[in-house]
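Asker: Below you will find the structure I want to go over with you.
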Amino acid sequence: MAKNEEMKRFHEGTLTDGWHWFGAHPTEKRGKAGWTFRVWAPHAASVSVVGDFNQWDTAAHPMTRKGEIWECFIPGLSDYTAYKYAVRGTDGRDRMKADPYGFHTETRPATASKLYDIGGFRWSDGAFREKQRKHPVYDSPLNIYEVHLGSWKKRDNGDFIDYKDLARDLAAYVKDMGYTAIELLPVTEHPLDDSWGYQCTGYFAPTSRFGTPKDFMWFVNHMHKNGISVILDWVPAHFCKDAQGLYEFDGTCCYEYSDPNKWEHAGWGTRVFDYGRPEVKSFLLSSARFWLEEYHIDGLRVDAVASMLYLDYDRQGGAWTPNKYGGHENLEAIDFLRELNAMAFSVNPGVLMVAEESTAWPLVTRPADVGGLGFNLKWNMGWMNDMCHYLKMDPWFRQDHHRDITFSMMYAFSENYVLPISHDEVVHMKGSVVGKMPGDYVNQLRCTRGFYAYLLAHPGKKLLFMGAELGQWHEWDSDNQLDWYLLDKPDNQKLHRFFKEINAFYKKEKALWEIDFSWEGFEWLVPDDNHNNVVVFLRKDKKGRDLMCAVNFSPNTYVDYRIGVPNHRRYVPVFNTDDPAYGGDGFGDTEPVKVEAIPSHGKEHSAAIRIPSFGAVFLRGEGTLPKPRRKKEAKELEKP
């Protein structure tokens, strides 16, 4: 593409592959090998490239202004050379900035960018990617293991494990445990460990904490070769105010809004991207496309979408600027999100574009041409909040809060939902998954098994943060690895086996995932038994075959719990969370349950099953009862 055309598209907000042009790239000029640098700094008085190679001398390598863009060529530099831009504002101050489009960085606490050529990696994941294209997410299993790379595992001395060793261990573990995908908390470069990656400085650089960019390519490639999709958390909602980052890049508001009522999220201490500025749109669209194309990422989970959509989101003291119609919707962010999703699906029609959106904003997962935002999946935050509230409650009081486990079905098919029990639910005094449960530790493990079965049975795709499968009793600690020592204990070994086997059961049972987004895949059998804390429902596959799911959130066991059912001949037990192999008592049906001509729950037939305390059972409907014969019609009365 001609340079003038690239500049035109950049200033129009339609340049979606800007990393090919901006940043630092190996070049040859007049027979000399070197690097071309290019950066956007519209209000700078001057810009130069500085680094160890010129003793950080701001006068040594000045850049040439071409409109709002500055560029230069420096011969003789090598890979891994550290550099920054010295951006002098109209106030005469030099601001030492990392490259917004830089591919690699120094490891914190150092903050410079590094020269790095990302070309030449040899991918070998073609078969996996082709298979993914042929199996859209909508009618496929999706069970996501959410991972923070810095605290999943560490070396014996407490150091981070590098991308390649992480890939080997994590791929083997995730594959063995039966998850279908991983979702990584942000790996975009960030200065502060405690931000978990959500306050970024490098939107084109995988964090150097774990290695080089090509090491991360190797990580993704290895996951794919093991059949595991990779989703990245991506943060276009805000950015940190660290001096080397995007913050007031040329001494003025470049990447952030200039309106004080719009430019900052005070609660997070971050700046908000200016979605109405074309150059900022080009930057963000290019970042998203970069990860999809250059790193073969299978999906982006877009963080904090609600904060983007509402102009009055977290505005302290009510200070916010309405849109041109007087409303609180951010029209520029809406347009950006629609363009983002359209671009992503043009790059990869099978991509997962997941919205973390916590309000009732409509049509998040519907196309833009019908008024939607264009995502194809949305986190179900309402379900998550209801469940966390319910699980913490004393079982006696759950009868008065039965809606917590049933209300989600009132809106379950209004969007394409993912059911998330994420990192946010196991920190900040919220308790671990096991720690939310009532009773002693053994009972908490029992409750964890029952709840996870309910999660897998409920319509929607699935996500669980790392550690729950170990029975970790304390909250997630991002400074330390998971409590792997728990797997030395028999109770935790049994829980671990449960997670592995129910994940395999989920993948095998099409009824649990083939129709996740419409009523054709779900039918209530018992939605209203609040006194017993029980729900029973059917999940169905595309051929109409059904799987009964009965979940008991009480400490009572139920013998001969009668349920109105379709006219099958029998229901065959296929999975029980109370199996002794998982740490249970073995309470439940072990033989097929006969369907009887006893009306119940509005149906002509019913079956009486056994349900363990704080547990779940799954039974498959088999056979069909013959329709009752009609009585012979009365003989026709003789004519008089």
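Asker: Need one number: % antiparallel among DSSP beta bridges in the chain, to the nearest 5.
Answerer: Here the antiparallel bridges make up roughly 70 percent for the chain.
Asker: Summing Lys, Arg as +1 and Asp, Glu as -1, what charge do residues with Cβ under 11 Å from the Cβ of residue 309 carry, residue 309 excluded?
Answerer: Once all neighbours under 11 Å are counted, the net charge is -4.
Asker: Along the Cα-to-Cβ line of residue 368, 7 Å from the Cα, sits a label point; which residues in the range 322-337 have backbone N less than 17 Å from it?
Answerer: 330-337
Asker: Here's a follow-up. What accessible area per residue, rounded to a whole number of Å², is obtained for the chain using a probe radius of 1.4 Å?
Answerer: 41
Asker: Given a 1.4 Å probe and heavy atoms of the protein chains only, how would you sort 383, 473, 123, largest accessible area at the top? Write down the numbers at each step before the final one.
Answerer: On the way: 383 0, 473 145, 123 70 Å².
Descending accessible area places them as 473, 123, 383.
Asker: Classify the chain: rounded, prolate or oblate, from the alpha-carbon gyration tensor (a ≥ b ≥ c, eigenvalue square roots; a/c under 1.5 rounded; otherwise prolate if a/b is larger than b/c)?
Answerer: It is prolate, given that a/c is not under 1.5 and a/b is the larger ratio.
Asker: Might you work out the accessible area of residue 358 for me, using a 1.4 Å probe with all protein chains in place, and round it to the nearest 10 Å²?
Answerer: So the heavy atoms of residue 358 present about 70 Å² to solvent.
Asker: In whole percent, and with a 1.4 Å probe on the protein chains, what portion of the accessible area of the range 487-556 is carbon and sulfur?
Answerer: Its accessible area is 47 percent carbon and sulfur atoms.
Asker: So if I place +1 on the C-beta of Lys and Arg and -1 on the C-beta of Asp and Glu, and nothing else carries charge, what would the dipole magnitude of the range 215-352 be about its Cα centre? I want it in debye, nearest 20.
Answerer: Dipole size: approximately 240 debye.
Asker: Let me ask something else about it. For residue 262, which lysines qualify as cross-link partners when the Cα separation must be under 16 Å and same-chain residues fewer than eight apart are set aside?
Answerer: Here the lysines satisfying the reach criterion relative to residue 262 are 241, 324.
Asker: Relative to the longest principal axis of the C-alpha atoms of the chain, give the angle of the C-alpha long axis of helix 213-225, reported between 0 and 90° and rounded to the nearest 10°.
Answerer: 20
Asker: Report residue 263's accessible area, 1.4 Å probe, all protein chains in place, as a number in Å² to the nearest 10.
Answerer: Its heavy atoms expose roughly 70 Å² to the probe.
Asker: In the range 255-276, which residues have a backbone nitrogen under 14 Å from the label point lying 7 Å from residue 424's Cα in the Cα-to-Cβ direction?
Answerer: 268
Asker: Got a number for carbon plus sulfur as a percent of the range 1-102's accessible area, 1.4 Å probe?
Answerer: Details: 2260 of 4660 Å².
Carbon and sulfur: 49 percent of the exposed surface of the range 1-102.
Asker: Which order do you get for 396, 21 if you rank them by accessible area with a 1.4 Å probe, largest at the top?
Answerer: On the way: 396 175, 21 15 Å².
Largest to smallest exposure gives the sequence 396, 21.
Asker: How big is the dipole moment of the range 246-310 about its Cα centre under a simple scheme where the beta carbon of each Lys and Arg is +1, that of each Asp and Glu is -1, and everything else is neutral? Debye, nearest 20, please.
Answerer: So the magnitude is around 180 debye.
Asker: Let me ask another. Based on DSSP H runs of at least 4 residues, each adding -39500 (n - 2.57), what is the mean residue ellipticity at 222 nm of the chain after dividing by all its residues, to the nearest 500 deg cm²/dmol?
Answerer: Taking each H run of at least 4 residues, the total per residue is -7000 deg cm²/dmol.
Asker: Mind putting a number on the dipole of the chain about its Cα centre? Charges go on the C-beta only, +1 for Lys and Arg and -1 for Asp and Glu, and I need it in Debye to the nearest 20.
Answerer: 2000
Asker: Exceeding 21 Å between C-alpha atoms, which entries from my cross-link table qualify? They are 164/378; 153/175; 430/461; 461/542; 8/29.
Answerer: 164/378; 430/461; 8/29
Asker: Continuing with the same structure: So how far apart, in nm, are the two label points at residue 263 and residue 519 if each is 7 Å from Cα heading toward Cβ?
Answerer: With each label placed 7 Å out from Cα toward Cβ, I get 5.2 nm.
Asker: Give the cross-link partners of residue 627 among the lysines, using a straight C-alpha distance below 21 Å as the criterion and excluding same-chain residues fewer than 8 apart.
Answerer: Correct list for residue 627: 543, 594, 603.
Asker: Tell me the relative contact order for the chain as a rounded percent, counting alpha carbon contacts under 8 Å between residues six or more apart. Don't jump to the answer; show the numbers that get you there.
Answerer: Working: 1391 pairs, mean separation 65.5, N = 640.
Reported as a whole number, the value is 10 percent.
Asker: Sorted by packing (mean other beta-carbon atoms within 10 Å per residue), highest first, where do 290-301, 577-588 land?
Answerer: 290-301, 577-588
Asker: In the range 55-157, which trypsin sites (Lys or Arg not before Pro) fall in coil by DSSP and have 12 or fewer other Cβ atoms within 10 Å?
Answerer: Passing sites in the range 55-157 are 93, 122, 155.
Asker: Still on this model: What net charge do the residues around residue 71 carry, taking every other residue with its C-beta under 10 Å from that of residue 71, with Lys and Arg at +1 and Asp and Glu at -1?
Answerer: Result for the neighbourhood of residue 71: +4.
Asker: Further question on the same structure: Rounded to the nearest 10 Å², what accessible area does residue 601 have for a 1.4 Å probe in the complete protein model?
Answerer: Its heavy atoms expose roughly 90 Å² to the probe.
The values are calculated or read from the model by the stated rules, or taken from the named source; none is laboratory data. Remember, it's a predicted structure, so these values are computed and weren't measured experimentally. Ideal geometry is used to build each Cβ from the backbone, glycine not excepted, and the neighbour counts take in all protein chains shown. Side chains are part of the model used for accessible areas, which takes the heavy atoms of the whole protein and leaves out ligands, DNA and RNA. Shrake-Rupley method; radii C 1.70, N 1.55, O 1.52, S 1.80 Å.
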